[in-house]
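Worksheet for the structure shown next.
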Amino acid sequence: MHRFNEADAGAAEEALLACCGSHRWALRLTAHRPYPDIESLLAAASEASYDLRPADLTEALADESWMPQPLLGMRAPGSQAAHTALRAAHAAYEARFGHVFVVCLDCVAPEEMLDTVLSSIRTRLANDPDEERLIAADELRRIALTRLEHLVATHSEAGAH
């Protein structure tokens, strides 16, 4: 936590952008440092996520498409047919909503990921665009919190050695 709090603003913002691709979100969290503990940082990150404007959410979702594995579930174990169905579902989702599909997969076992992602995409394809944007924003918030927790833990471990 100390390394994150003491990092220069540019380095902190860059690290935060790896958690959520919204510059406004990253700037807000950077500006409110220092945080007394991880819980305070996560609470601030969650609050900042709820305050994302539509343009901020669009920016963050666009950033997700540049992740090394944008098609969630494609590395999960499963048949070729299931992977083909997943690729088709991702394409249908992007065509309908104009952004990549995001879902937080914390606590999902690797052998269940493909089915979980495919089921989630199929369910969410039935949403209207406004409802889906709210769901995507919440999933992105959950993903960002997980990444942020990992980032701070990794930096703490690196500083302890």
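The values are calculated or read from the model by the stated rules, or taken from the named source; none is laboratory data. These figures come from a predicted structure and were not determined experimentally. Positions of Cβ are backbone-derived with ideal geometry, glycine not excepted, and every protein chain shown enters the neighbour counts. Ligands, DNA and RNA are stripped out before the accessible areas are found, and what is left, the full protein with its side chains, is counted by its heavy atoms. Shrake-Rupley method; radii C 1.70, N 1.55, O 1.52, S 1.80 Å.
When the Cα positions of 81, 44, 153 are compared along the charge dipole of the chain, 81 comes out farthest toward the positive end, with charges on each C-beta of Lys, Arg, Asp and Glu. Sequence-distant contacts, meaning Cα pairs under 8 Å at least 6 residues apart, place the relative contact order of the chain at 30 percent. Once the chain from residue 53 to residue 95 is taken as fully extended at 0.36 nm per residue, the excess over their C-alpha distance is 12.9 nm.
The residues of the chain expose, per residue, 53 Å² of accessible area to a 1.4 Å probe. In degrees from 0 to 90, rounded to the nearest 10, what is the angle of the helix 110-124 Cα long axis to the longest principal axis of the chain? With rounding to tens, the tilt is 70 degrees. When the Gaussian network model of the chain links Cα atoms closer than 10 Å, the mean-square fluctuations of 45, 62, 31 top out at 31.
If you take the square roots of the eigenvalues of the alpha-carbon gyration tensor of segment 77-134 and sort them as a ≥ b ≥ c, do you get rounded (a/c under 1.5), prolate (a/b over b/c) or oblate? Don't skip to the answer; put the middle values down first.
Values: a/c = 2.60, a/b = 1.46, b/c = 1.78.
Oblate, because a/c is 1.5 or more while a/b does not exceed b/c.
Within the accessible surface of the chain, defined with a 1.4 Å probe on protein heavy atoms only, the carbon and sulfur portion equals 58 percent. Couplings 3J(HN,Hα) of segment 15-21, computed from phi: 5, 5, 5, 6, 8, 8, x Hz, in residue order, whole Hz [Karplus 6.51 cos²θ - 1.76 cosθ + 1.60, θ = phi - 60°; x for Gly and Pro].
Here the spin labels are modelled as points 7 Å beyond Cα on the Cα-Cβ line, and at residue 154 and residue 38 they lie 1.4 nm apart.
Stretched out straight at 0.36 nm per residue, the stretch from residue 8 to residue 128 would grow longer than its current Cα-Cα span by 39.0 nm.
Find how much the distance from residue 135 to residue 112 grows on full extension, using 0.36 nm per residue of separation minus their present alpha carbon separation; answer in nm with one decimal.
Taking residue 135 through residue 112 to full extension adds about 6.2 nm, to one decimal.
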